[in-house]
Every structure is written in structure tokens, then in C-alpha cells.
Ligand code: SF4
């Protein structure tokens, strides 16, 4: 099955394209104090190394807005300033080099102030994310759509966008979030039937690493399968690096991005001949440093093992005589001792990774 992405316009956040045929990008948000420039830069660099492509920072005050200048000087991925309530913080963030600002229709409503934001965004060629959130919907909209809040979210976005369009501003992407997965899905589906603005998708305040990962995989996964979504953020109450890992796994699972290895491992059962859990844990740790999209299978026995291991670029299948390593569809070696099996397997994975990058270099 191939996912057909819904057609959207393309905009730019800094030098990163969002929408149209651009790859679906991964975002995250810092949880440092933005005024603490060093700590914020350190976190952004860690996130970037992990795979973050666009970073958002909260701008609760003027000092944070001014900090953008120095933060931007020290990082290489585009930065979005997250603004609520005070339109002056949007102006200050743009002046200090934010590549995009996120504003919320629920809390910046004054038309004259929005006009000022539009003007300066045009002057600095800054894109704007209109981020509607069910929790901060205007109370009149909330009242009007109290039985179908998804429609309220869409209404709020369309009404707000109209004002930007009336003022000749189209450099927009949109998010329509709710903590409720079904409300979120419905809002995005309805909106994408009415509009071609690129969409930032996610399940807001999804929860802890465990529950938030599941909710995000369901909500974001569903939307992506339906072809909706141009950039995404997994929102977790955890180290933001986990957000990147989860986002990458979602995109890889749907074949939407090639972002490092794909690991297949069996759940184990009474037939297992090797310690799949131990091996998988060790391999998963090693894979953190591998960036090529190789497919790796770790299977406990010879029922499905050889088939899966053969289909992967590299795989292990347990057998009565120990483990068999398969590489590119053929048996490479049989190893009896568990630690040696893991060691050999890692060496072979690294060789495949090196080969991938060598081939890639030769293509150029
Ligand atoms: S591959 Fe073998 S050990 Fe693993 S779950 Fe299947 S039958 Fe069980």
C-alpha cells in the first residue's frame, strides 16, 4: 500500500520546506528556560543530533524573545517562537530572527495587533503557524460548538486564516490540536477538505512517555495513513529526545521517511532457541549510532525466523545449534555462543551501514 499525501501548498520555515512534496519533517520543543541561552542551545543541539529538523521554543517574556538572536546564531535548524497572549512578543521574536512564529487564535484576537504581526512577518519573510488548540478556543466558539468541538476547532482556524488572507498573507501552516484523539483526527480531516495550507499534526499534551507514545502513534499514524500531515510533533511529558525517537519510528513504520534502521523482532515463545529479549536490547542500543535505513530482524527460532531474517538486510534466527546470521538473503554464519553471536551480528550491521554510505557517496 502506498500512502497518497493530500496536496498542500509549500511554505518555508527557515530553509526547511513544509508542505507540497517536501518530506514530512520532525519537530520538537525545548523545555529549558529560553532565557538560559546556553542550556537551550545545548538541548537544541542534542535534539538536532537525534533527528529534530525544526525546533520550537516558548517565548513567555521579552528576555526570551531577545534570546532568540543568540540562540539562532549558535544552532543550524530553523527556530519557531511559540507566542501566546502578547502580540508584542511575536514582533520582538521576528525582529530577533525567528524563522516562524506560532500564534493561537484563542488568545491573540485584536485585529489591529494581528495586522502588526502580519506586517512584520511580511517584512522579515517569516512564516506563521496558526495553532488552534481545543483547550484555548474562544469561549463564544466553544459555546456554539459545544457538542461538536472538532467543528469549532476548524471554524476557529478558517475564520482566523480568512483575516490573514484578507491582508494578503499566505505564508501559513496550521495545527488543530486536542488532547482527544478522535476530536483531533476529525478536525484535521474536516479542515483538509476545505483548505490546502500545510498541516502541522500531533496529539497535544498526549501524556507520559508510555501513554503519550501510544496516543501519538494512533492519532498521528491514522492521519498520516490518510495522507494528512506535512510536519509533526509528538508531545510527551518526557525528555524531548523521546519525542524525536517516537516521531522517527512513526514515519519509518509507514515508509514515509528513511530515517535509520528498521528493527523487526519476534515476541518470543516456548519455541525460542536464543535470548531474543537480551539480543534485541543490546542491538537497539547499538542502532542509536546507525543512520542508514537497513532492515534488521531478530527471531527466536526456525518457524518464521529464517523467512524474516532472509527478507531483512540482516537477521538472526535461533536454531537448536545456536544462532544463524542471515545477510542479504543468505546464511552468513552459524554461531553457538550467545555473546559471540551478538558481537558478530553488530560487526555485520556496521559493515552494512558503511556499505550503504559508500554506495550513496558513489551515486553522487
Ligand atoms: S519466531 Fe519462533 S520463538 Fe519467536 S515467536 Fe515465532 S515461533 Fe516463537
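The values are calculated or read from the model by the stated rules, or taken from the named source; none is laboratory data. Because the structure is a prediction, the values reported are computed rather than measured. Every residue, glycine among them, receives a Cβ derived from its backbone with ideal geometry; neighbour counts consider all protein chains shown.
When you look at residue 232, is it assigned to a strand (DSSP E or B) and in the same structural domain as residue 173 (by TED's automatic domain parsing), yes or no? Taking the combined requirement at face value, the residue satisfies it.
Residue count for region 334-364 satisfying the condition of being over 20 Å from residue 264 (Cβ atoms) and touching a helix residue (DSSP H, G or I) at 6+ places or on another chain (Cβ under 7 Å): 0. Could you tell me which residue of region 3-37 is surrounded by the most Cβ atoms within 10 Å (Cβ to Cβ), considering only residues that are without any contact (Cβ under 8 Å) to a residue 40 or more places away in the chain and out of contact with any helix residue (DSSP H, G or I) (no Cβ under 9 Å at 6 or more places or on another chain)? Only one residue tops the list, namely 17.
Only one of the numbered conditions (1) under 30 Å from residue 319 (Cβ atoms); (2) in contact with a helix residue (DSSP H, G or I) (Cβ under 8 Å, 6 or more places away or on another chain) is violated by residue 209, and that is (1).
The lone criterion from (1) more than 11 Å from the chain's Cα centre (by Cα); (2) over 27 Å from residue 9 (Cα atoms) left unmet by residue 242 is number (1). For region 35-49, state whether one or more residues are over 21 Å from residue 200 (Cβ atoms) and either modelled with pLDDT under 95 or more than 26 Å from the chain's Cα centre (by Cα) (or both). Checked region 35-49: at least one residue is over 21 Å from residue 200 (Cβ atoms) and either modelled with pLDDT under 95 or more than 26 Å from the chain's Cα centre (by Cα) (or both).
Note on region 41-60: residues that are assigned to a loop (DSSP other than H, G, I, E, B) and within 14 Å of residue 94 (Cα to Cα) total 1.
Of note, residue 215 satisfies the criterion of being over 30 Å from residue 325 (Cβ atoms) and away from the ligand (no atom under 16 Å from the Cβ). Of the helices (runs of 4 or more DSSP H) contained entirely in region 260-364, those carrying at least 1 residues that are in contact with a strand residue (DSSP E or B) (Cβ under 7 Å, 6 or more places away or on another chain), near the ligand (Cβ under 10 Å from one of its atoms) and without any contact (Cβ under 8 Å) to a residue 40 or more places away in the chain fall at 305-311.
All conditions but one from (1) crowded, with 18+ Cβ neighbours inside 10 Å; (2) at pLDDT below 95 apply to residue 243; the one that does not is (2). If you go through region 186-214 and pick out every residue that is surrounded by fewer than 22 Cβ atoms within 10 Å (Cβ to Cβ) and either assigned to a helix (DSSP H, G or I) or under 15 Å from the mean Cα position of the chain (by Cα) (or both), you end up with 13. Residue check: is residue 221 surrounded by fewer than 17 Cβ atoms within 10 Å (Cβ to Cβ), within 12 Å of the chain's Cα centre (by Cα), in contact (Cβ under 8 Å) with a residue 24 or more places away in the chain and closer than 26 Å to residue 294 by Cβ? Taking the combined requirement at face value, the residue satisfies it. Scanning region 212-222 for residues that are touching a helix residue (DSSP H, G or I) at 6+ places or on another chain (Cβ under 7 Å) and more than 22 Å from residue 55 (Cα to Cα) gives 218, 222.
Quick grid of which residues meet (1) at pLDDT below 95; (2) touching a helix residue (DSSP H, G or I) at 6+ places or on another chain (Cβ under 7 Å):
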| site | (1), (2) |
| --- | --- |
| 146 | yes, no |
| 153 | no, yes |
| 157 | no, yes |
| 162 | no, no |
| 165 | no, no |
| 173 | no, no |
| 178 | yes, yes |
| 187 | no, yes |
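Filtering region 55-76 to residues that are surrounded by fewer than 22 Cβ atoms within 10 Å (Cβ to Cβ) and under 18 Å from residue 16 (Cα atoms) leaves 72, 73, 74, 75, 76.
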